[in-house]
């Protein structure tokens, strides 16, 4: 069994995002270029490869939610969007992820948690940012963030 998950995000963000925030978020979603000012939300996925001399070399940061087209394991289509609304921003994404990228994604999830529309916040302070479903599973599980901590389903 492969450790591939269908990861869906569907959330409203408040209107207070700066131009730099929107530019970086768009980069993570594969909708724009890497901001010239650098990354502030999270450095993106970092990959180490071994060069011909046997030394580890770090590749440039990679967006976290930029997959497009047919899904390899979960069926359907992979996509991501960020749209302006009358009250803020709407972010929706469907991606395939492996648990090894959860640590990199956690920083982005915490950043989103701090900027969600207040209507998404539950009485206990938690927010369901999205859902994860193992590629062989029938049902998805919530991805919750509370008190700056991401609770990845197992």
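What the table shows:
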| read-out | value |
| --- | --- |
| For residue 154: the one exception among (1) surrounded by 17 or more Cβ atoms within 10 Å (Cβ to Cβ); (2) at pLDDT below 95; (3) in a loop (DSSP other than H, G, I, E, B) | (1) |
| Scope segment 89-124; condition more than 16 Å from the chain's Cα centre (by Cα), in contact (Cβ under 8 Å) with a residue 40 or more places away in the chain and either under 25 Å from residue 134 (Cβ atoms) or surrounded by fewer than 16 Cβ atoms within 10 Å (Cβ to Cβ) (or both); matching residues | 118, 119, 120 |
| Residues located in segment 93-123, provided they are part of a strand (DSSP E or B) and over 15 Å from residue 16 (Cβ atoms) | 93, 94, 95, 96, 97 |
| Number of the exception - residue 61 against (1) at pLDDT below 95; (2) surrounded by fewer than 18 Cβ atoms within 10 Å (Cβ to Cβ); (3) over 22 Å from residue 131 (Cβ atoms) | (2) |
| Residue tally, condition assigned to a strand (DSSP E or B) and within 9 Å of residue 29 (Cβ to Cβ), over segment 63-78 | 0 |
| Residue in segment 10-53 that is modelled with the lowest pLDDT, counting only those that are assigned to a strand (DSSP E or B) and within 17 Å of residue 108 (Cβ to Cβ) | 45 |
| Residue count, segment 124-151 (criterion: in a loop (DSSP other than H, G, I, E, B) and touching a helix residue (DSSP H, G or I) at 6+ places or on another chain (Cβ under 8 Å)) | 1 |
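The values are calculated or read from the model by the stated rules, or taken from the named source; none is laboratory data. As the structure is a prediction and not an experimental result, all values here were calculated from the model. Cβ coordinates were reconstructed from backbone atoms using ideal geometry, including for glycine residues, and neighbour counts include every protein chain displayed.
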